[in-house]
Structure formats: structure tokens, C-alpha cells
Amino acid sequence: MAATRSLLLCAAVLLAALSCTFAADAPFLVAHKKVALSRPKPGVERLAVSLDLYNQGSATAYDVAINDDSWPKEAFELVSGEVSKTLERLEPGATASHAFVLESKTQGRFQASPAVIKYRVATKAALQEAYSTPILPLDILAERPPVKKFEWVSDHVHFHSGNISLVILIFSMLFCGVDTLALDISGFALMCCSG
């Protein structure tokens, strides 16, 4: 899942770099769309949608309109923000962000469309169009196993505590003048004789 996202982001950046090489004095907008899921209460899934917009081109984009209205109204309710945003301009190398929050009480798998960005170029009369990166399908209100946050920490503490004991043992041997050593690993018992 993370590998797919990384691959999509790399492809978008590579496409942006190639387009900037071929299009002199033109804006080139790249938009990265992300969704974070959370459950504020049982039976409700909250989606925090964010769009990061970058002008990778060498000219200003004017009248930039971001629109992400692919969320069906029968399944998603807008809780905060707006699904669209307009910017007067986006300078070369500049970034802009847009975010909104949706809620759903409908269980199922959903595939959102990329956001659409329309903008004007000073040298062209027609509006230009760009699309955000897609997101992976979302499993709304899917059964998820409980997260055991402390289990991972506990496993690593037990592993590392054995290593720390070994380091202490070696220092003890070096600095205490131990000639003979008997070590019981299972019980961490140490018997030593100095001569």
C-alpha cells in the first residue's frame, strides 16, 4: 500500500519534471491528494481530505480552481470546509493547500476520483486542466482488528534487555578481573571466580 503511494508520487514528480523541461515559460500544477480515516464514534467514519498543490512550472497560474466533488452525497456528508477552493494566482515554485472533512455512515468500499484543478495561463485563452494523484480504495466502516500499541514495545524491550545484560556482563568481566565465568542464559544467573 505504501509502495503504491510512493510509486504514484514518484511518477507524478517525474512527469512534472519532464513537462517543465518541455514547456518553457508555462505553469505546471501538481496536486497530491491524501485521505486520513478516523472513527469519532461507533458507526461513523470521518475522512480528512487534503490536497497539496505545487506550481512546478516557470510561470504564474491564474484563477486556479480546485474542485474535489466526486464524493456522492448519499454516502458522504460535508462536516467542515468546502470541496472546492479558488486562488487568484499561484506563482512558480509556490504551494497551496486545501482541506475538508467528510463523514460517512455507509459501510462499503469507495474509490474516489482525482481532484480537478483548472487554471488560466497568461499566454492562452483556454482554461488548462490538471488532476490530483489518485487515492487507494477506501474501506468505509470496515472491521479492523484492535491495535496493540504496547505489544511491539514490550517485545523490543525484552529483546534489548537481553543485549544490555550481555554488555553489562562483558564490562564486569573486563573490569572486575574475572578469570572463570559460568553463565546460565535462561535464568540470567552469573557465577564468577576471581583468582
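The values are calculated or read from the model by the stated rules, or taken from the named source; none is laboratory data. Note that the structure is predicted; figures quoted are calculated from it, not measured. Quick reminder, even Gly has a Cβ in these numbers, built from the backbone with ideal geometry, and neighbours come from all protein chains shown. Heads up: the accessible areas ignore ligands, DNA and RNA and are worked out on the full protein's heavy atoms, side chains in. Shrake-Rupley method; radii C 1.70, N 1.55, O 1.52, S 1.80 Å.
Checking the condition over 26 Å from V121 (Cβ atoms), modelled with pLDDT of 95 or more and part of a strand (DSSP E or B), which residue from K85, K34 passes?
On the way: K85 fails: over 26 Å from V121 (Cβ atoms).
Testing whether each residue is over 26 Å from V121 (Cβ atoms), modelled with pLDDT of 95 or more and part of a strand (DSSP E or B) leaves just K34.
Quick grid of which residues meet (1) at pLDDT 85 or above; (2) over 30 Å from P27 (Cβ atoms); (3) part of a loop (DSSP other than H, G, I, E, B):
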residue: I117; (1), (2), (3): yes, no, no
residue: A125; (1), (2), (3): yes, no, yes
residue: A130; (1), (2), (3): yes, no, no
residue: P134; (1), (2), (3): yes, no, yes
residue: R144; (1), (2), (3): no, yes, yes
residue: F150; (1), (2), (3): no, yes, no
residue: D155; (1), (2), (3): no, yes, no
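For (1) at pLDDT 95 or above; (2) buried (at least 19 other Cβ atoms within 10 Å of the Cβ), each residue gets a yes or a no:
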| site | (1), (2) |
| --- | --- |
| C10 | no, no |
| L14 | no, no |
| A24 | no, no |
| V49 | yes, yes |
| D63 | yes, no |
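Can you pull out the residues in the range 67-82 that are under 23 Å from the mean Cα position of the chain (by Cα) and outside any strand (DSSP E or B)?
D68, D69, S70, W71, F76, G81, E82
Working only within the range 65-101, note down all residues that are touching an Asp or Glu at 6+ places or on another chain (Cβ under 8 Å), β-branched (V, I, T) and crowded, with 17+ Cβ neighbours inside 10 Å.
The answer is V83, and nothing else.
I'd like to verify a number: residues in the range 104-130 that are touching a residue at least 24 places away in the same chain (Cβ under 8 Å) and open to solvent by less than 90 Å² (accessible area, probe 1.4 Å), how many?
Here the count works out to 17.
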